[in-house]
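Report on one structure; see the data block that follows.
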Protein chains: 2
Amino acid sequence: MPQSGGHDVPVQLPDGVPAPDGLVEAALGYEAALMTDDLEALEEYFAPGPSTIRGDEGGLLVGRETITRFRGRRGGAPKRIIEALHVRSIDADHAWLAAVTAPLTGGRGLVSQLWERQDGVWRITAAHVSAPPRALDRRIWRVVGEPLVRPTAAGQLDGHTVAVKDVFAVEGFPLGAGVPAYLAAAEPAPRSAASLRALQAAGASVRGIAQTDQFAYSIAGRNSAYGTPPNAVVPGAISGGSSSGPAAAVAMGHATIGLATDTAGSIRIPASYQGLWGLRTTHGAVSVDGVLPLAPSFDTVGWLTRDGETLAAVTRASLDTMDARTPGARLVTAPALADSATPEVARAFAVAVDALDAAGSEVGTLDDPAFSTDALDALYAAFRTVQAAEAWAQHGPWIEAHPGALGDDIAARFAWASTITAEAAGEARAALDGARAAIDAALGDTVLVLPSAASVAPSTDADGAEIEAIRTATLRMTAVAGATGRPAVSVPGLTAGGAPIGVCFVGPRASDIALVERALGWSEILKHD
Amino acid sequence: MPQSGGHDVPVQLPDGVPAPDGLVEAALGYEAALMTDDLEALEEYFAPGPSTIRGDEGGLLVGRETITRFRGRRGGAPKRIIEALHVRSIDADHAWLAAVTAPLTGGRGLVSQLWERQDGVWRITAAHVSAPPRALDRRIWRVVGEPLVRPTAAGQLDGHTVAVKDVFAVEGFPLGAGVPAYLAAAEPAPRSAASLRALQAAGASVRGIAQTDQFAYSIAGRNSAYGTPPNAVVPGAISGGSSSGPAAAVAMGHATIGLATDTAGSIRIPASYQGLWGLRTTHGAVSVDGVLPLAPSFDTVGWLTRDGETLAAVTRASLDTMDARTPGARLVTAPALADSATPEVARAFAVAVDALDAAGSEVGTLDDPAFSTDALDALYAAFRTVQAAEAWAQHGPWIEAHPGALGDDIAARFAWASTITAEAAGEARAALDGARAAIDAALGDTVLVLPSAASVAPSTDADGAEIEAIRTATLRMTAVAGATGRPAVSVPGLTAGGAPIGVCFVGPRASDIALVERALGWSEILKHD
């Protein structure tokens, strides 16, 4: 009997049809290379060229180079034994096989491969891998249940399940904020955040507590302690953050509602990256009682959903309808805002604007100094300064008392935040006040339309500098709603290179409910374009 | 562009190599049949014969009949859209394809298929399916976390994770006992069960609360409310119960320790079915404080693990070592006990006994009236009568107040239990006392060896009568330890038809620690046989 890793490998052949010459040896050779993470040998076992294919629960990778890159960043496959090898010969040079694997950590996995003899050498042209299902995906979830917490009443959200970003109090559970040391010292919350109680009172149950960028101070979702949540629709791409866990949970169908926060774009950006609906509410419209602050001048509560109707229902259930406003009929774009976007996003966005225009939602172009390139640059600079000053005021003492508790990227951001002087923060506040007045004057009750992010979701391979450049470009766009406290809904519907991009509609303050309802119509236009 | 379910399906062909004639149409036809759960059409799309193969996270099914049976019990696949179809042509009559699917409930799935044209008709000869990962598997878990509850101290169980059967109090969580209506009315526990606190104090964290048969009154693991947990090592087989969730969780690698109860076999049976180690402790040796009773005269706390060393460590951490006894050197078998086993189990067990004997653990044969067929039948009859009387005394009032709250099988068992008269229960108790004295006299400090269950894990297809027959045969074997309060460790190592069977060693009362340590050696003998 052939062997792999010192264990017998029973080979199952249908009707006694023998395996093609050398195939089983090649399959076991590949397995040996996998167990030692011999990247060079592994690459050789895969057929060269752009059509070689490898898929698993994280998605489909096409092209040997893409597969090799994936393998390089994975850092080895879990150790396993092959329990059985089922070979289906096609001809002397082609065969399909399935290996039932027994990982040393338990469960059973399955690998299927299409092999082809190329110039005398057996190579994999296609592979499909199933690992044993996990108890939970710790990149997405900290705690999850069926349900974790029950609704408190029946209502319009009956049957809905909530992924709660780990910056909201959940009764009986400690709050972790994406930081293990913070979690370790936290006590169970005596009661849930007001915004969560509103969902439970409308019939929703809590599916679980979902991961976040550390202290919600990032838009990438790359949490060095818990891992980067997968982008449910773009294999190998980041989820976006800081509401990374709720976004991935909703996109993967683990929950129907993500309860999240948006200070600088933390709902709109992962919504854009994963084809979700996302609403940043009017600043102050939804209580932040029970929510860990980042920068109170900009912090808002909002939601991520897979469809607009659910978002509309959640918005109605959560917002007081008194004093609600209705946005004006006009849509406007601001060319200097779209300048931040990548060419592919700008092209897709232009098509969307044309479609909205053609469908009767007249789209004007803002030609106002408040939306000049210089004004937007200044707005963003002031925004990030005030955000940093408030974030440091909020978390600085804890961070100083817990050196090493944060990931390098977040620690560096807080370190910079710690350098903001009171004087600089004061100047930035004054600049923001002026910019806000100018933007209010320019927009009035019209709805500003812009891409929800500057790019599609970057690859998890992207280096820090690339992520930082994308961050700056995106935040310059999202800061308009952040700085003015306006509600902003990100609607899916565009794609670039197969990856989703959202269209963001920024309405007048307190227009949240009407804005989302209006967006249902805009979404139909974008869908049918 | 071809269509599926009203949506365009982009077909990706490498280097422009066209798909073989009719293949894409066949693939989309299969998809249409799947979406309407047209079982007849689906069967036709799969190649006839015993070598056709289909695998997913639940394991590999071989043979079209097996696949058809699986499909019949599944009740349809989740609705989905095909996002892309990647075709790799092999020759005019063979092709491999991968379909990226977008289930309507979120996430992305992947299906790969090997197709062959047989007599002019395209048929699937092999398929591999990946559904989007779930938030949690509700058949296994009710709540799960990373971790759910922290250790309270460091110790010999550092790094270990516990799957807690949902009959133990876990501080801050309600107890569900596998019954949704019971869970709905439960309050969060003020403190965790003593046996759980012992594990936490030794360094283990709680991974989650795992499913159980309703009120732990079954050995099948078929919970009609939450579903049957998968058998991690035998595709399509039941997990065994009542510690179904902890057993599946440990076997799948979701946790390293299952904290469970064994009244009549609820640890030993799932351990046997899934190749795990399992210990039923001496009755009374581990506190049942915080454990929902079933039948207090027999209820014990114990553990499931993937390896013997972990079980030994858990046993040491949980049991007071004072007054601990050591089992005698002799092993004995009782032929009338093994009579209950299926021929395949009996054969495998005989081989195990020979191996133990050959390795120097002399195995005697009990020739004692206490182990005659009649005596064992009487023992089991008395055991199940007392168990039923106590179970009804414990849960009868709640069950009567909540009609319809239980699954039909469990409700029928309790209905029978409700008919046990006080007189019948008293007679059964007296019979048990006599039997226990006779068994104690026959065994002394020797270790009784028997198969852990009468059969390998039955199929999830098995009907109620088959399950009931297996239940009776198995409980007749497990009742010896149950009725005498002796500790019993189930050690993996045997297989029949590819499925695991455990060997059970029943020691004298209070010999738990030494028994498990001794079992480490027996396990080595069984392994190398």
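Worth a mention:
- Count of the stretch B:355-377 residues which are within 30 Å of B:Ile467 (Cα to Cα) and assigned to a helix (DSSP H, G or I): 8
- Taking the criterion of being within 7 Å of another protein chain (Cβ to nearest Cβ) and under 30 Å from B:Pro246 (Cα atoms), the residues of the stretch A:92-124 that qualify are A:Ala98, A:Val100, A:Pro103, A:Thr105, A:Gly106, A:Gly107, A:Arg108, A:Leu110, A:Ser112.
- Within the stretch A:14-38, being within 37 Å of the chain's Cα centre (by Cα), loosely packed, with under 15 Cβ neighbours inside 10 Å and part of a helix (DSSP H, G or I) holds for one residue alone: A:Ala32.
- Filter pass, A:Asp299 being crowded, with 24+ Cβ neighbours inside 10 Å, free of Cβ contacts under 8 Å to residues at least 40 places away in the same chain and of a type outside the set (Val, Ile, Thr): yes
- Pairing residues of the stretch A:221-248 that are among the basic types (Lys, Arg) with residues that are in a strand (DSSP E or B), at Cβ distances under 7 Å and at least 6 apart in sequence or on separate chains, gives A:Arg222/A:Ile238.
- Applying the set (1) within 26 Å of B:Ile140 (Cα to Cα); (2) crowded, with 19+ Cβ neighbours inside 10 Å; (3) aromatic (Phe, Trp, Tyr) to B:Trp96 leaves exactly one unmet item: (1).
- Residue under evaluation A:Ala189, criteria (1) buried (at least 22 other Cβ atoms within 10 Å of the Cβ); (2) within 12 Å of another protein chain (Cβ to nearest Cβ); (3) within 22 Å of A:Gly145 (Cβ to Cβ), criterion not met: (1)
- All strands (runs of 3 or more DSSP E) inside the stretch B:64-133 with 3 or more residues being under 30 Å from A:Leu304 (Cα atoms): B:80-91, B:94-103, B:109-118
- Pair list, Cβ under 9 Å, 6 or more apart: the stretch A:443-465 residue surrounded by 24 or more Cβ atoms within 10 Å (Cβ to Cβ), other residue basic (Lys, Arg) and assigned to a loop (DSSP other than H, G, I, E, B): A:Leu443/A:Arg486; A:Val447/A:Arg330; A:Leu448/A:Arg486
- Taking the stretch B:239-269 as the range and being in contact with a helix residue (DSSP H, G or I) (Cβ under 7 Å, 6 or more places away or on another chain), of a type outside the set (S, T, N, Q) and more than 14 Å from chain A (Cβ to nearest Cβ) as the test, the residues that pass are B:Gly240, B:Gly241, B:Leu259, B:Ala260, B:Asp262, B:Ala264, B:Gly265, B:Arg268, B:Ile269.
- Taken as a whole, the condition of being of a type outside the set (A, V, I, L, M, F, W, C), surrounded by fewer than 20 Cβ atoms within 10 Å (Cβ to Cβ), in the same structural domain as B:Met252 (by TED's automatic domain parsing) and at pLDDT 95 or above does not apply to B:Arg207.
- Checking each residue in the stretch B:136-186 for being of a type in the set (Phe, Trp, Tyr), in contact with a helix residue (DSSP H, G or I) (Cβ under 8 Å, 6 or more places away or on another chain) and either more than 9 Å from chain A (Cβ to nearest Cβ) or free of Cβ contacts under 8 Å to residues at least 60 places away in the same chain (or both) picks out B:Phe168, B:Tyr182.
- Qualifying residue in the stretch B:52-64 (condition: of a type in the set (Val, Ile, Thr), free of Cβ contacts under 8 Å to residues at least 40 places away in the same chain and within 27 Å of B:Ile238 (Cβ to Cβ)): yes
- Scanning the stretch B:505-527 turns up no residue that is under 16 Å from B:Leu379 (Cβ atoms) and charged (D, E, K, R).
- Of all residues in the stretch A:481-507, those satisfying the criterion of being part of a loop (DSSP other than H, G, I, E, B) and within 19 Å of A:Thr261 (Cα to Cα) are A:Gly485, A:Arg486, A:Pro487, A:Gly507.
- Residue check for B:Arg197: basic (Lys, Arg), within 12 Å of chain A (Cβ to nearest Cβ) and over 30 Å from B:Thr472 (Cβ atoms): no
- Unmet criterion (only one of (1) more than 14 Å from every other protein chain (Cβ to nearest Cβ); (2) basic (Lys, Arg); (3) in contact with a helix residue (DSSP H, G or I) (Cβ under 7 Å, 6 or more places away or on another chain)) for A:Arg69: (3)
- Any hit, the stretch A:364-372, residues being under 22 Å from A:Ala437 (Cβ atoms), surrounded by 13 or more Cβ atoms within 10 Å (Cβ to Cβ) and without any contact (Cβ under 8 Å) to a residue 60 or more places away in the chain: yes
- For the stretch B:162-186, the set of residues classified as assigned to a helix (DSSP H, G or I) and buried (at least 22 other Cβ atoms within 10 Å of the Cβ) consists of B:Tyr182 only.
The values are calculated or read from the model by the stated rules, or taken from the named source; none is laboratory data. Since the structure is predicted, the reported quantities are computational estimates derived from the model, not experimental observations. In this analysis, Cβ positions are derived from the backbone assuming ideal geometry, glycine residues included, and neighbour counts consider all displayed protein chains.
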